[in-house]
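Participant: Dropping a structure here in structure tokens format, bear with me for questions.
The values are calculated or read from the model by the stated rules, or taken from the named source; none is laboratory data. Because the structure is predicted, anything quoted here is derived from the model rather than measured. So basically every Cβ, Gly included, is an ideal-geometry build from the backbone, and we count neighbours across all protein chains shown.
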């Protein structure tokens with residue numbers, strides 16, 4: 001399904017791969033738009049330390065998404081009489097971020113279905129208050145479109161939609177959020193991975209890219225800066241993956257110059273090869289490759305060159321959000337999180353997006369960690385390369401230096417990976 005003339009895809013609705021069903025709560029929820037609510041315990045009210053906060057279930061919702069109803073990465077079946085909400089981390093549309101940082105003011109939701117049921121669109125505000133926006137009955141093979149404004153989303157809020165089936169199964173064939181074509185089109189990115197003695201992780205991520213041609217199509221190069229003694233190129237399976245990527249894959253061997261040295265090399269090479277962006281990635285991560293397309297769509301629509309970062313989930317507790325951007329406490333000069341509740345992380349399997357009011361705020365950050373951060377090469381040309389600060393502060397120093405030069409950083413919801421936290 002391709003966008004109609006005058007429209008471009010901003011964000012596709014996706015579902016986890018077979019190997020990632022433990023992340024289902026990040027993609028889809030069974031039940032209605034609101035679901036259950038949680039409240040703080042009396043103990044927390046008496047002793048409000050973040051590490052002691054506990055959540056108690058007020059309602060009950062034991063229904064789960066049926067794993068065997070996942071038909072593909074973009075298609076799912078809703079069984080007769082059941083509901084499915086896409087008001088989730090990866091499938092809700094972060095309207096307030098697009099409102100604040102891009103030229104967009106109007107978007108369109110396109111939903112293609114088969115079967116009988118309904119599609120209902122919801123939105124939230126910065127306080128997490130939910131409001132029904134529009135809805136439609138569908139039957140047989142249907143294409144449903146909703147014209148939506150993002151003008152009201154000043155300081156927070158998301159859009160999403162729910163599906164309900166009736167009289168048989170309802171199949172979501174594809175869905176996406178669209179907007180006007182980006183200001184800058186035809187842009188390319190160098191996807192750069194810095195690695196040291198983690199060739200298995202690194203090779204797995206390159207293999208993931210090879211399996212997602214839509215993301216790979218945006219790449220001018222996939223560049224591995226190998227600083228270790230266990231070389232990626234010597235690993236079993238490397239030749240097969242290299243054949244899939246062809247000339248887009250390049251490996252640079254260099255001495256261990258630390259994370260900043262590896263990333264600096266990738267930034268330099270991206271300027272030299274004519275890329276519009278460089279996407280910096282850690283080696284010990286598991287990617288959601290759809291994030292690359294979302295970051296590129298967002299960057300191409302920004303009012304001015306903008307550093308765009310992805311969020312970090314815990315690799316060993318995959319429904320747990322570990323970081324959604326970073327701030328600097330200028331008084332103590334120490335890194336922190338943009339919201340106090342992030343001090344104890346957030347598990348979406350316990351309280352989903354719609355049940356967590358603070359997640360509906362827009363958070364502005366000072367920098368984004370270089371586990372996943374896309375920097376325009378125009379910024380690099382003006383600001384320069386990072387300082388050799390290892391193991392911390394290379395990314396934070398660069399974000400602050402870029403901000404002083406007039407370039408902001410946006411940590412974009414819906415763009416993320418899993419990292420050893």
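Participant: Assuming residue 255 fulfils every condition listed in (1) touching a residue at least 60 places away in the same chain (Cβ under 8 Å); (2) out of contact with any helix residue (DSSP H, G or I) (no Cβ under 7 Å at 6 or more places or on another chain); (3) not in a helix (DSSP H, G or I) apart from one, which condition is it?
Facilitator: If we test residue 255 against (1) touching a residue at least 60 places away in the same chain (Cβ under 8 Å); (2) out of contact with any helix residue (DSSP H, G or I) (no Cβ under 7 Å at 6 or more places or on another chain); (3) not in a helix (DSSP H, G or I), just (1) comes out false.
Participant: Would the range 287-300 turn up any residue that is modelled with pLDDT under 95 and part of a strand (DSSP E or B)?
Facilitator: Yes: one or more hits.
Participant: Scan the range 394-421 residue by residue and report those that are out of contact with any helix residue (DSSP H, G or I) (no Cβ under 6 Å at 6 or more places or on another chain) and within 11 Å of residue 305 (Cβ to Cβ).
Facilitator: Scanning the range 394-421 gives 406, 408.
Participant: While we're on this one: Kindly evaluate residue 264 against the criterion of being assigned to a helix (DSSP H, G or I), in contact with a helix residue (DSSP H, G or I) (Cβ under 9 Å, 6 or more places away or on another chain) and in the same structural domain as residue 399 (by TED's automatic domain parsing). Can you show your working first?
Facilitator: Numbers: assigned to a helix (DSSP H, G or I): yes; in contact with a helix residue (DSSP H, G or I) (Cβ under 9 Å, 6 or more places away or on another chain): yes; in the same structural domain as residue 399 (by TED's automatic domain parsing): yes.
Against the criterion (assigned to a helix (DSSP H, G or I), in contact with a helix residue (DSSP H, G or I) (Cβ under 9 Å, 6 or more places away or on another chain) and in the same structural domain as residue 399 (by TED's automatic domain parsing)), residue 264 qualifies.
Participant: From 325, 262, grab the single residue that is in contact (Cβ under 8 Å) with a residue 60 or more places away in the chain and within 20 Å of the chain's Cα centre (by Cα).
Facilitator: Working: 262 fails: within 20 Å of the chain's Cα centre (by Cα).
Criteria check complete, one pass: 325.
Participant: Working only within the range 277-296, note down all residues that are farther than 21 Å from residue 251 by Cβ and crowded, with 21+ Cβ neighbours inside 10 Å. Walk me through how you get there before you give the answer.
Facilitator: Taking the range 277-296 first, the residues farther than 21 Å from residue 251 by Cβ are 288, 290-291, 293-296.
Matches in the range 277-296: 288, 290, 291, 294, 295, 296.
Participant: Restricting attention to the range 374-384, does a residue exist that is farther than 23 Å from residue 294 by Cα, in contact with a strand residue (DSSP E or B) (Cβ under 8 Å, 6 or more places away or on another chain) and either outside the structural domain of residue 270 (by TED's automatic domain parsing) or surrounded by fewer than 20 Cβ atoms within 10 Å (Cβ to Cβ) (or both)?
Facilitator: Start the filter on the range 374-384 by keeping residues that are farther than 23 Å from residue 294 by Cα, which leaves 381-384.
Next, only the ones that are in contact with a strand residue (DSSP E or B) (Cβ under 8 Å, 6 or more places away or on another chain) stay: none.
The answer is no; no qualifying residue exists.
Participant: Counting residues that are closer than 15 Å to residue 171 by Cα, within 22 Å of the chain's Cα centre (by Cα) and at pLDDT 95 or above, which strands (runs of 3 or more DSSP E) fully inside the range 51-144 reach at least 2? Quick ask: steps written out before the conclusion?
Facilitator: Details: elements: 55-57, 76-78, 83-85, 106-114, 117-124, 130-138.
Because the criterion is at least 2 residues that are closer than 15 Å to residue 171 by Cα, within 22 Å of the chain's Cα centre (by Cα) and at pLDDT 95 or above, the strands (runs of 3 or more DSSP E) in the range 51-144 that meet it are 83-85, 106-114.
Residue-wise test of (1) under 21 Å from the mean Cα position of the chain (by Cα); (2) within 30 Å of residue 65 (Cα to Cα); (3) free of Cβ contacts under 8 Å to residues at least 24 places away in the same chain; (4) surrounded by fewer than 15 Cβ atoms within 10 Å (Cβ to Cβ).
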position	(1), (2), (3), (4)
156	yes, yes, no, no
165	no, yes, no, no
177	yes, yes, no, no
213	yes, yes, yes, yes
232	no, no, no, no
236	no, no, yes, yes
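Participant: Could you grab me the full set of residues in the range 244-265 that are farther than 28 Å from residue 369 by Cα and touching a strand residue (DSSP E or B) at 6+ places or on another chain (Cβ under 9 Å)?
Facilitator: Of the range 244-265, the ones farther than 28 Å from residue 369 by Cα are 244, 246-247.
Residue satisfying the conditions is 247 alone.
Participant: Residues that are under 24 Å from residue 258 (Cα atoms) and assigned by TED's automatic domain parsing to the domain that holds residue 264, at least 2 per element: which helices (runs of 4 or more DSSP H) completely within the range 182-246 meet that?
Facilitator: Details: elements: 199-210, 213-216, 238-245.
In the range 182-246, 199-210 are the helices (runs of 4 or more DSSP H) which contain 2 or more residues that are under 24 Å from residue 258 (Cα atoms) and assigned by TED's automatic domain parsing to the domain that holds residue 264.
Participant: Oh, and also: With 315, 281 as the choices, which residue is touching a strand residue (DSSP E or B) at 6+ places or on another chain (Cβ under 6 Å), within 20 Å of residue 365 (Cα to Cα) and assigned by TED's automatic domain parsing to the domain that holds residue 197?
Facilitator: Values: 315 fails: within 20 Å of residue 365 (Cα to Cα).
After applying the criteria, what remains is 281.
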